[in-house]
1. Using the count of nearby Cβ atoms within 10 Å as a rough guide to exposure, how do 173, 219 rank from fewest to most?
2. Using only the Cα atoms, work out Rg/Rh for the stretch 116-166, with Rh taken as the Kirkwood radius, to two decimals.
3. Ranked highest first by the average count of other Cβ atoms within 10 Å around their residues, in what order do 75-83, 195-203, 98-106, 115-123 fall?
4. Need one word for the stretch 53-217: rounded, prolate or oblate. Basis is the Cα gyration tensor (sqrt eigenvalues a ≥ b ≥ c); a/c below 1.5 gives rounded, then a/b vs b/c decides.
5. Hey, fewest Cβ within 10 Å first, where do 114, 186 land in order?
């Protein structure tokens, strides 16, 4: 895979560069920014009226997914800042741009459902950034292993949402389905870039942390 920007991909990043990249990731994940312009999979579908209970359920799920995309911006920003292989960095930047489109889709759907993102998103971002930095700092193979396992767990999570979303909420379902496809592709790409399989205890810890985030973000 060729780097999206060879001059950027081959340079060495110092502490100041990584600080700037952290700020950029925070702005993308948490701040006001221009939309990506990538059409939402929900655009062709009508917004069918739902019961109040179904609307609350959909909003809770899309709030969790929105928080997941906030975390994705933190992870990809941290991992790309510490990547040493230009191909790995280029892949992370490309995947991060796709995750940014997911963030737009989830935010738009939350607005349609008359709801809001998690009020704890800055905390989720900070935690994810620290975790992404920790894995990336010990090597690209660990970073890719973490990415592979994260995306595998996200695919399973989105599959649960596809089974639980109200059948009438076709717009949310279309978004979740496309996100699931993209996340599965990111997992495959991480493996191609040398992902190191993570030990079982670490995978279980990641799953437990994700469960806490999902439970809290659905409510707050």
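1. Working: 173 19, 219 9.
So the residues, fewest neighbours to most, are 219, 173.
2. Values: Rg = 14.0 Å, Rh = 12.7 Å.
Answer for the stretch 116-166: 1.10.
3. Numbers: 75-83: 25.8, 195-203: 14.0, 98-106: 22.1, 115-123: 15.6.
With the highest mean Cβ count within 10 Å placed first, the list reads 75-83, 98-106, 115-123, 195-203.
4. Details: a/c = 1.84, a/b = 1.79, b/c = 1.03.
Because a/c hits 1.5 or more and a/b exceeds b/c, the stretch 53-217 counts as prolate.
5. Details: 114 9, 186 25.
Least to most surrounded, the residues fall as 114, 186.
Read-outs throughout are calculated quantities, based only on the coordinates presented, and are distinct from any laboratory measurement. All values derive from a computational prediction rather than experimental measurement. So basically every Cβ, Gly included, is an ideal-geometry build from the backbone, and we count neighbours across all protein chains shown.
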